[in-house]
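Visitor: Encoded as structure tokens, here's the structure I'll be asking about.
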Amino acid sequence: MGVVDGELVAHLAVCPMFTANAYRATRLVVMPEWQGAGVGTAFLNEVMQYHLEGNGRCQRKYHTFFHTSHPQLCGYLRNADVWKQTNAILYGANKSRSNASIMKTGKKGTITGCGYGGHFRAVQSFKYLGK
């Protein structure tokens, strides 16, 4: 959590991806009155550097991956020296593959209309390289 004078300004979740020797950051939220002031990107960079220096879980010095669909945040990350874009999906996935997998593992006739994906949202992936 990012706090200024006791006031919550931003928060971010970071979880380990030890199978990939990395961390994953999700859900960067900046309170509305602080948006547009550069607080979110500064906070994100500090948290990523904190983990890269081994101050996170188990003192692992891992890079962190971050996904976002926010156009301005994508633009910042794409042009920042400490970030590298690793992927971009500019359209939603078809959820029929996910639906078929869920149906295969479930009881016949009890699961209908399910699946993940198909949200038609551009998601871009980035890796924090560090200072």
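Visitor: Which of the residues belonging to the range 97-131 are of a type in the set (Ser, Thr, Tyr) and at pLDDT 75 or above? Before the answer, list the steps.
Guide: From the range 97-131, those of a type in the set (Ser, Thr, Tyr) are 98, 101, 105, 110, 112, 116, 125, 128; that's our starting set.
Correct list: Ser125, Tyr128.
Visitor: Right, another one. Out of all the residues in the range 1-13, is one or more part of a helix (DSSP H, G or I), touching a residue at least 12 places away in the same chain (Cβ under 8 Å) and within 23 Å of Ala122 (Cβ to Cβ)?
Guide: In the first step, residues of the range 1-13 are kept if they are part of a helix (DSSP H, G or I); the result is none.
No, there is no match, as no residue in the range 1-13 is part of a helix (DSSP H, G or I), touching a residue at least 12 places away in the same chain (Cβ under 8 Å) and within 23 Å of Ala122 (Cβ to Cβ).
Visitor: Does the range 1-19 hold any residues that are under 15 Å from the mean Cα position of the chain (by Cα) and within 21 Å of Tyr62 (Cα to Cα), and which are they?
Guide: Correct list: His11, Leu12, Ala13, Val14, Cys15, Pro16, Met17.
Visitor: If I ask for residues that are outside any strand (DSSP E or B), small (Gly, Ala, Ser) and under 19 Å from Gly75 (Cβ atoms), which ones from the range 14-42 would you list? Break it down stepwise before answering.
Guide: Going through the range 14-42, the residues outside any strand (DSSP E or B) turn out to be 18-21, 31-42.
Adding the requirement that they be small (Gly, Ala, Ser) leaves 20, 36-38, 40, 42.
Matches in the range 14-42: Gly36, Ala37, Gly38, Gly40, Ala42.
Visitor: Out of the residues in the range 43-94 that are hydroxyl-bearing (Ser, Thr, Tyr) and assigned to a loop (DSSP other than H, G, I, E, B), which is surrounded by the most Cβ atoms within 10 Å (Cβ to Cβ)?
Guide: Tyr62
The values are calculated or read from the model by the stated rules, or taken from the named source; none is laboratory data. In this text the structure is predicted, and so the values were computed from the model without any measurement. Positions of Cβ are backbone-derived with ideal geometry, glycine not excepted, and every protein chain shown enters the neighbour counts.
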